Amino acid sequence: MDAIADKTFKTDANSSTSHNYDSPSLLTVIIDTNPVIWEQLEPTLSFKAMLESLTVSINSHLALNNANEVAVIANHYEGAQFLYPCHVSREDEENQQVNFVKTDMYRQFRIIDDSFLSQAFKLFKDDTPPTTQPKNFLSASLSLALAYINKKQSHLKSRILIMNVTPDTHLQYIPIMNSIFAAEKNHIPIDVAQLSPHYNSTFLQQASDATHGVYLQIKTHTALIQYMMTVFFIDLSIRDSVIIPGIKEIDFRAACYVTGDIVDVGFVCSVCLCILSDVSLVGKERRCPVCDVQFDVNVLRKLADRKFAALIGSGANGESGAVKKRKLINGQSNGTGTTATSATASPMPL
Amino acid sequence: MASNLFKLTVNDYLEGLPEATQSKLYQSPATCLAIFRLLPNLAKFYIMTMIFNEKPVRLLDLDTWVKPQKRAEQVEGIRSIKSLHILKDNGEVAVLNPKFRENLKNVLTGVDIGVSFGAPCETEDSNKVDISFLDTYASNKWETILHFMVGTELNEFPSKGVLHLLRHSGLMTGGTPKAMVITNEGFQFLLQDVNAQIWTLLLQYLRMAESLQMDPVDVLNFIFMLGSLELGKDYSTSVLSETQLNLLRDLKDYGLIYQRKDSSKRFYPTRLATTLTSDATTLKSASTAMSQVIKSATTTTTTSSNKGNTSGSQESSSTAVSAASSTIENAGSIIIETNFKLYAYTNSPLQIAILNLFVHLKSRFANLVTGQITRESVRKALLNGITAEQMIAYLETHAHPQLRKTAEEVYQKKIQYDANTNEKFHLIQPNITDQIKLWQLELDRILTWDGYLFTDFSNEEEYQVLQSYAEEIGVMLWCDHNKRKFFVTKEGNAQVIAYANRKLRKGK
Amino acid sequence: MDDSEDEFKSDHEQQSSKGGNSNTRVTSRTRRKAPQAELKGTSGGYAWEDEIQRSWDIVKEDEAGSLAGIVSGLVESRKKRVIKNVTPFQRGIIRNLILVIDLSTVMMEKDLRPNRHALAVENAIQFVTEFFDQNPISQLGIIIMRNGLAQLVSQVSGSPQEHIDALKSIKKLEPKGDPSLQNALEMARGLLLHVASHCTREILIVFGSLLSIDPGNIHKTIDSLIEERIRVQVIGLSAQVSICKEICKKTNFGDETAYKVILNEGHFKDLLMEAVVPLPVNKVNKSFTLVKMGFPHRVSEETPSFCSCHSKLTYGGYICPSCKSKICSLPTICPCCNIMLILSTHLARSYHHLIPLKNYIEVAREDITGEDRGVCYSCQSMFGTGSRYACEDCSKEFCIDCDVFVHETLHNCPGCENT
Amino acid sequence: MTRAIKGALVECDASIRALIVRIDSERHDVVIQELDETHLLIDSNKVDFVKAELNRLLSKNTYNPLDDEEIQP
């Protein structure tokens, strides 16, 4: 029977390989709508031109599979908000006469394009340009996107695409990081299109790296649509088979909690893990500016001045007694402990 | 997944068409989009990268985009677009079929589409019908056909055209409607999802149409257009060709289209039609259309409150929402436990009838039937010609979302703990699938061939001569050199005997 | 859980005969009865005297014969379970934990499915994954107690894969002999000895047995544990054992909750998962410092070069920001300049322990007025008949799915982020 | 003298072979020759009978969960 059985069970192996032949997916686009930055970019890439390319790309995503879905979120300077899906109130409904896309467009595309373009249009229509420095609501946008995806993920594979122009400064570090982990945990790749040719975003690089997404800085804006089609609108099911451009060098620097500066060497509080760019930030009180614990004076001094640290190293009062006792215990037990002194004398070898 | 099945069959059909016919098909933007959706993923990717690229692409580049270990998929992708003549190459560079490229580009940008996606009626229909009506209509029509196939007592039979097609496609046999019985293919047909079923019939129809001198381009264009129409909207028949009008009349019999009167100048596509080119997830089985009716009935009551001023956008957004929610509802209904007990959340007599083909059903509640897969029930199905594979496929495509979710979680965990595990994804517990397969094997515990055993050879030489001759002409099934015995088939026996007579007599 | 005297004796004898022939170092035995009060069930009697609660008992149809209310109630109750304590603690985030698993004969018991040993190892694997997910800059080591000996199966390291591989290998190992708490604790002590003072030192014991066979006086070991500020947590698989309670109480500054006994399989897993969350820093255990850390950047190279950690030729790696040497993996300590190198993302993964998100408050039914039922702020789905939850700070309303997601995975309130 | 015996060749696994031999042991008119571990020569008219008999014997060895329950009305 084995011979017969083998036949039946082998056919099974072949058929199951096509498991993810074509599964529908959800694409969540986060558009950076910071008007100040867009104004700066105007000579090479206008916001309108970007929207046009994006619309066509979204259509192409929908064209891949009938069951594909999209969501569009605007990362506006007044806060993140959904552009699509969006629940339009009655009054807005009446005000809206403009058709943004041709009426004979394929209806599945038309409904979505119309909705999100009109919402985007509204954002800019009744806005006076901000007088103060606009805030960056990327963390809010990401949170909304992730919550939306979480709801949908039961039956759709999902990914996030961020069209970013704003620089990293003034980003809330912790919420962004939390969002990245949530995305990582739920296996949602974050793709980033950095449209500004002038700078790269450290955090978004980290985001796409951690979630196995694509990060690409687009410098030539004339071929934006081609970039979108070849790099960012690759269906999830063929991510494994297509060679996707990756960034060779990723900056994993972190932001200082107090000054917001981005640093490559920092001082980390052992209790709250906050990152400080300089020892002097703890001040005279020797307290952590975030969690308010008091640091050991010796350690601080050591960090500030390594030469001085050598002098006071032996005088770690109170600690020395503990060391002696520990040695005694080591003698009693089977002697696995090595040098207890080195461990306690300098908590962090420098 | 079963959805691939219909894609494969439709693709096979399209690929088999002559190039001239294919080029004619690409004249219609709607058809371009529909064909695009049927392609394998990598083929879609190639088309997308080339569609906005004015320059031809070097063939070598096509290779470099794909990881070497996925070569097989790439070859398959390129083969499919080449045989559809969408991709052309001269050995060095590749270009897309200009017409196809132009039209697909137009679809994406919304320019120059014309009436390819149907011509909505300009005037208001005085006898307007709503979506729930269309759903009931469609599911009635379609389920009547399926019920007829499973042999339920019916008040009315499907139309003559339908019966003819059922006979023609070999799903049923018999002369009069009463005498028609389902064939093994028919049983297998029942286990497919609706999309695959409709396409099976449509492809049969196409083959028939060709012999009736109908232009397949016209027919296909119309079918693909139907797939892109909006549910609940009325469309004008004025832009249709003569062939398409004929087709329209026939498709009414299957519930794909609703027309109030035969002479009416407007028609409504039903859900069966609008999901023609979509994935199976949109509509799993006809029975779900029923629950759709119940669902939409409740939603219409809620939306009726603000029906005062329905502007276009609101209506469409609400349908989009309801369509999205329905995909969740329709995802599946069967839960199967490792102890072979089966629970199906359905009240459709049809689905119950289909389940009854291979499940021992025990009790039935308002929206639930319970049953058990037993050796006997599976054997009954096997004897009906349903294969184990088909039963498993049915269970998989109709699996309850919760079952799917848990299975995926378990699989994810396994991958996490052991990245290079060679374990495969099991939606249905392997003990169930294996047992069903084993039951199928049980039917074939012995293999038998009629024939003759040659034995009692007087010497080694005689045995050698005859045995090697029998082996040469391929009629030998078994031999034992030590005992000097071999077995030949019934058909080969005469030859071997004749040879033996020639050889051995001569020898004497 | 039967604590009758007869049972105790027979059990005792059985154990001693086994212990006697396999271990000659048997000198002391430690075993106490569990206090009776803790065994009392909800109705005042013993737990086993309670009526059996079947899962379907709670399912009752409402007046209309519908189960919808019950079902949504079940969903709610699932949510209720996850509401956790959100008062910010100072927690020891950089942890050093030794996981001790009992591999004595009692682990062959089949009271947990498939048996205690298989389940314990299975859960331990999940624990390791989760532990490194939540405490990315921490270190872990694994010891087993078998045949009266403590045996190191996985060195203290920060790589989850090594531990998981080690756990997989002990899956095949057959439990044997009796456990020795003292040996295990002493070995763990040795492993934790060189740990820097700003890190926590913890031992987590999965203890299936009811006895411990120790070579010396275990109380001395306990004293030295206290001395070295090593905190011990024990998860008991059968019944409460007094010495375990004593160890936990003494090493956790009088806190008895570090010792827990499982109720069933699910509870076992829950208890292990609880241990994933970093312990609050206790007043006595104070040693706060600033640690200098480097955040390297990743490079990839066309030609391979030597890495400073293994001296192997590799394409690319991470560059230490202070001495510019190349290393292969993070987190680690730079072999050249001794600075601790981590990814900032590793640090950030622990933040939600320190700054927990406030729980949402259920919106009272009466407050939901009007026809317009509104949508969930984060997922845009319409509110159904189910309950909704509001954030106290931004007063945005969320559906139950989003509430759970926000608190369990995201740790950001989408509403508060948006203001 | 060489003979050609008419019959049906049966290929099966050893356990089934044993069962067929047992069926034969009661009647002695089924198996013509036992060829080897996995092959038998049986009377070609008895093929269907053997299959039916095998089914009967194998069914005895299977557990039907429905037997345990109350008989359905």
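The numbers here are math on the coordinates, done by the rules we state, and not lab data. A quick note: this is a predicted structure, and the numbers were derived from the prediction, not measured. Backbone-built Cβ (ideal geometry, glycine too); neighbour counts: all protein chains shown.
What length, rounded to one decimal in nm, is gained on full extension from A:Lys219 through to A:Arg301, with 0.36 nm per residue of separation minus their alpha-carbon distance?
24.8 nm
Any chance you could check the Cα centroid distance between segment B:17-83 and segment C:127-174 for me, in angstrom?
One Cα centre to the other: 50 Å.
Through the Karplus equation 6.51 cos²θ - 1.76 cosθ + 1.60, θ set to phi - 60°, convert the phi angles of segment B:17-31 into ³J(HN,Hα) values in whole Hz; use x for Gly and Pro.
With coefficients 6.51, -1.76 and 1.60, one gets 6, x, 4, 4, 5, 4, 4, 5, 4, 6, 5, 9, x, 4, 5 Hz.
So how far apart, in nm, are the two label points at B:Glu92 and B:Thr338 if each is 7 Å from Cα heading toward Cβ?
Roughly 6.3 nm, to one decimal.
Expressed as a whole number of Å, what is the distance separating the alpha-carbon centroids of segment B:330-359 and segment C:185-230?
Answer, in whole Å: 56.
Could you grab the relative contact order for segment B:2-109? Cα pairs under 8 Å, six or more apart, rounded to a whole percent.
Values: 97 pairs, mean separation 39.0, N = 108.
Value for segment B:2-109: 36 percent.
Looking at segment C:177-275, which chymotrypsin sites (Phe, Trp or Tyr not before Pro) are in a loop (DSSP not H, G, I, E or B) and have at most 14 other Cβ atoms within 10 Å?
C:Phe253
If neighbour count is taken as other Cβ atoms inside 10 Å, put D:Ser15, A:Ser179, C:Ser224 in order from fewest to most.
Ascending Cβ contact count within 10 Å gives the list D:Ser15, C:Ser224, A:Ser179.
From the Cα gyration tensor of segment C:87-274, with a ≥ b ≥ c the square roots of its eigenvalues, which class applies: rounded if a/c is under 1.5, or else prolate if a/b is larger than b/c, or else oblate?
Rounded.
Can you pull the percent of Cα pairs in segment C:162-222 with separation above 20 Å?
Pairs farther apart than 20 Å: 42 percent.
Which net charge results when you count Lys and Arg as +1 and Asp and Glu as -1 among the other residues whose beta-carbon is under 10 Å from that of B:Pro216? Write out the running numbers ahead of the final one.
On the way: positive: B:Lys24, B:Arg207; negative: B:Glu210, B:Asp215, B:Asp218.
After counting each charged neighbour, the total is -1.
What shape does segment B:451-507 have by the C-alpha gyration tensor, where a ≥ b ≥ c are the square roots of the eigenvalues, rounded means a/c under 1.5, and otherwise prolate means a/b greater than b/c and oblate the rest?
Verdict is oblate for segment B:451-507.
If R0 is 30 Å, what FRET efficiency do you get for A:Arg239 and B:Leu59 from their C-beta distance, rounded to 0.05?
E between A:Arg239 and B:Leu59, to the nearest 0.05, is 0.80.
With labels modelled as points extended 7 Å from the Cα through the Cβ direction, what inter-label distance (nm, one decimal) is found for A:Glu39 paired with B:Lys265?
Taking the simple label geometry, A:Glu39 and B:Lys265 are separated by 5.6 nm.
Could you work out how far the C-alpha centroid of segment A:207-263 sits from that of segment B:200-218, in angstrom?
49
With 10 angstrom as the radius, rank B:His147, C:His407 by how many other C-beta atoms surround their C-beta, starting from the fewest.
Sorted ascending by nearby Cβ count, the order is B:His147, C:His407.
Compute for segment C:133-237: radius of gyration divided by Kirkwood radius, i.e. Rg/Rh, restricted to C-alpha atoms, rounded to two decimals.
0.95
Go through segment A:149-225 and name the chymotrypsin sites (Phe, Trp or Tyr not before Pro) that are in a DSSP coil and have 15 or fewer other Cβ atoms within 10 Å of their Cβ. Each step should come with its number before you reach the end.
Working: sites: A:Tyr173, A:Phe181, A:Tyr199, A:Phe203, A:Tyr215; in loops: A:Tyr199.
Passing both the DSSP loop test and the Cβ count: A:Tyr199.
How far apart, in nm, are the 7 Å Cα→Cβ label points at C:Lys168 and A:His212?
1.8
List the GluC sites (Glu not before Pro) in segment B:84-146 that DSSP assigns to loop (not H, G, I, E or B) and whose Cβ has at most 11 other Cβ atoms within 10 Å. Which are they?
The qualifying sites are B:Glu92, B:Glu122, B:Glu124.
Mind checking the mean number of beta-carbon atoms from other chains within 10 Å of the Cβ atoms in B:33-44? Show your work: numbers first, answer last.
Details: counts 6, 1, 0, 3, 6, 1, 2, 4, 13, 5, 0, 9.
Per-residue shielding by partner chains comes out at 4.
At 25 °C and 0.890 mPa s, what whole-number value in µm²/s does Stokes-Einstein give for the translational diffusion of segment B:334-443, with Rh from the Kirkwood sum over Cα pairs? Let's see the in-between values first.
Details: Rh = 14.7 Å.
After rounding, the answer is 167 µm²/s.
To the nearest 0.05, what FRET efficiency results for B:Asp444 and C:Ser305 with a Förster distance of 51 Å applied to their C-beta separation?
The computed FRET efficiency comes out at 0.25.
Would you mind calculating the relative contact order of segment C:87-274 from Cα pairs under 8 angstrom and at least 6 residues apart, reporting the percent as a whole number? Walk me through the numbers before you get to the answer.
On the way: 359 pairs, mean separation 44.1, N = 188.
Relative contact order for segment C:87-274 comes out at 23 percent.
Counting GluC sites (Glu not before Pro) as exposed when in a DSSP loop with at most 13 other beta carbons within 10 Å, what is the longest stretch of chain D free of them?
D:1-36
Fewest to most neighbouring Cβ within 10 Å: what's the order for C:Leu211, C:Leu103, B:Leu276?
Ordered by Cβ neighbours within 10 Å, fewest first: C:Leu211, B:Leu276, C:Leu103.
Assuming R0 = 51 Å, can you tell me the calculated FRET efficiency for the pair C:Leu263 and D:Asp36, based on Cβ-Cβ distance, to the nearest 0.05?
0.30
Where in segment D:32-46 does the amide nitrogen come within less than 18 Å of the point 7 Å from the Cα of B:Lys483, taken along Cα to Cβ?
Zone members listed by number: D:32-44.
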